[in-house]
1. For the stretch 338-352, how many residues are outside any strand (DSSP E or B) and either outside the structural domain of residue 209 (by TED's automatic domain parsing) or more than 17 Å from residue 222 (Cβ to Cβ) (or both)?
2. So which residues in the stretch 69-82 are under 28 Å from the mean Cα position of the chain (by Cα) and either among the hydroxyl-bearing types (Ser, Thr, Tyr) or in a loop (DSSP other than H, G, I, E, B) (or both)?
3. So residue 66 ticks every box in (1) modelled with pLDDT of 95 or more; (2) part of a loop (DSSP other than H, G, I, E, B); (3) within 15 Å of residue 360 (Cα to Cα); (4) not hydroxyl-bearing (Ser, Thr, Tyr) but one. Which box is left unticked?
4. Residue under question is residue 355, and the condition is that it be in contact (Cβ under 8 Å) with a residue 12 or more places away in the chain, in the same structural domain as residue 18 (by TED's automatic domain parsing), crowded, with 21+ Cβ neighbours inside 10 Å and of a type outside the set (Lys, Arg); does it hold?
5. Can you tell me which residues in the stretch 43-63 are on the phi < 0 side of the Ramachandran plot, surrounded by fewer than 18 Cβ atoms within 10 Å (Cβ to Cβ) and in a loop (DSSP other than H, G, I, E, B)?
6. Being crowded, with 21+ Cβ neighbours inside 10 Å, of a type outside the set (S, T, N, Q) and either in contact with a Gly (Cβ under 7 Å, 6 or more places away or on another chain) or closer than 21 Å to residue 250 by Cα (or both), is that true of even one residue in the stretch 140-152?
7. Please indicate, with yes or no, whether at least one residue in the stretch 314-333 is among the hydroxyl-bearing types (Ser, Thr, Tyr), surrounded by 14 or more Cβ atoms within 10 Å (Cβ to Cβ) and touching a helix residue (DSSP H, G or I) at 6+ places or on another chain (Cβ under 6 Å).
8. Taking strands (runs of 3 or more DSSP E) that do not extend beyond the stretch 103-213, which have at least 3 residues that are more than 16 Å from the chain's Cα centre (by Cα) and not hydrophobic (A, V, I, L, M, F, W, C)?
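The values are calculated or read from the model by the stated rules, or taken from the named source; none is laboratory data. None of these values were measured; they are calculated from a predicted model. Cβ placement follows ideal geometry from the backbone for every residue including glycine, while neighbour counts extend to all protein chains displayed.
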Amino acid sequence: MSQPNIQPDQYNTLLEQKKEQIEAQFERFSIPSIESFESPKTAYRMRIEFRVWHEGDDINYVMFTPGSRHEHTNITQCPMASEIIQQHMFELLALIKPNEMLKHKLFQIDFLSTLSGELLISLLYHKALDDEWLSAAQTLQEALRKCSSAGQKVSLIGRARKTKIVLDKDYVIEKMQIDQSEMIYQQVENSFTQPNAQVCKKMLHWALDVTQGQSGDLVELYCGNGNFSLPLARNFNNVVATEISKTSVNSAQYNIKENNIDNVTILRMSSEEFSQALQGVRSFRRLREKNIDLTDYDFSTVLVDPPRAGLDGETVKQIANYDNIVYISCNPATLQLNLLVLCETHKIDRFAIFDQFPYTDHLEVGVFLTRK
């Protein structure tokens with residue numbers, strides 16, 4: 001991995017520069033005043049991956065020189081990692097170093113943490129994992145739990161080619177306070193979750209605010225584990241959300257149950273398939289099995305949170321059919337291209353930036369559009 005240059009005393013200046021860049025980039029759209037949401041200056045990354053470098057009997061976390069697979073610098077501190085990751089990452093290495101079974105062929109360590117104090121650690125190997133490894137890993141997990149203020153909330157996973165060994169569980173449970181309501185989210189190892197939980201909370205508050213008072217039903221494409229779908233359910237009669245990842249769909253179903261929400265339906269469909277179903281181009285067994293007739297819904301608002309590639313042309317045409325559009329973008333460049341089409345039928349009412357990745361060029365953008 002590579003690390004940004006953490007400069008807390010420069011944070012506000014750097015964020016203002018990002019805002020100015022966005023203002024210039026979207027000048028042609030006559031956007032309203034930008035709402036800016038900052039990140040904590042340190043300890044903001046809830047998930048992070050480290051490559052492990054072996055030097056004789058020693059191992060270290062390293063970051064590679066850009067463009068090189070060998071030239072590297074040892075990581076001796078990681079102020080961007082969450083507090084619970086910082087508390088455990090070097091203690092973990094100290095416990096692994098004297099144990100040849102745990103150390104041999106270890107090439108990467110992944111951490112997934114929560115604001116609610118849970119930590120999941122994945123050890124990745126270029127070797128087969130056997131019963132001897134499992135015994136050593138169980139001892140390691142107990143040692144981590146004994147020296148941890150998080151106690152039983154620290155769990156380990158071993159990964160190798162076509163192998164995944166779960167010592168306790170392969171997920172963490174996040175708890176967030178969103179507008180006086182606690183939201184519970186299952187977040188599974190090796191699946192997408194928001195990396196900056198404090199900024200994620202601000203994104204959810206913003207999405208709730210821009211959709212406050214809307215009528216009808218909400219449809220969400222690319223819903224993941226229900227990150228937006230679940231809190232937004234309070235603003236709509238019904239929510240129908242689609243996601244292609246089976247793991248994320250299962251987590252979303254778990255989260256619906258844990259949050260006692262009864263007006264959200266999750267469909268395992270791509271955005272293209274959902275568009276075809278809405279238009280009656282194709283019928284889907286998945287809809288028939290759930291006894292879902294999409295014509296029964298009054299979809300007034302759509303929320304999209306696409307990958308960096310943005311929305312394909314057909315999906316852009318599809319979402320233009322809704323009166324209100326909430327577009328969460330992790331790539332302003334592809335957002336800009338999509339807005340060229342969407343602004344033919346809609347106008348931008350709200351525009352926000354969310355600093356998910358401080359000290360880097362990356363920025364999340366939220367846009368709320370209404371039909372002209």
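1. Just the residues of the stretch 338-352 that are outside any strand (DSSP E or B), to begin with: 338-345.
Filter again for either outside the structural domain of residue 209 (by TED's automatic domain parsing) or more than 17 Å from residue 222 (Cβ to Cβ) (or both), leaving 339-341, 343-345.
So the answer is 6.
2. First, the residues of the stretch 69-82 that are under 28 Å from the mean Cα position of the chain (by Cα): 69, 72-82.
Selection gives 69, 73, 75, 76, 77, 78, 79, 80, 82.
3. Residue 66 satisfies every listed condition except (1).
4. Numbers: in contact (Cβ under 8 Å) with a residue 12 or more places away in the chain: yes; in the same structural domain as residue 18 (by TED's automatic domain parsing): yes; crowded, with 21+ Cβ neighbours inside 10 Å: yes; of a type outside the set (Lys, Arg): yes.
Judged against the criteria, residue 355 is a match.
5. Selection gives 57 alone.
6. No, there is no match, as no residue in the stretch 140-152 is crowded, with 21+ Cβ neighbours inside 10 Å, of a type outside the set (S, T, N, Q) and either in contact with a Gly (Cβ under 7 Å, 6 or more places away or on another chain) or closer than 21 Å to residue 250 by Cα (or both).
7. yes
8. On the way: elements: 106-113, 119-125, 154-160, 163-166, 171-178, 181-188.
Strands (runs of 3 or more DSSP E) meeting the threshold: 154-160.
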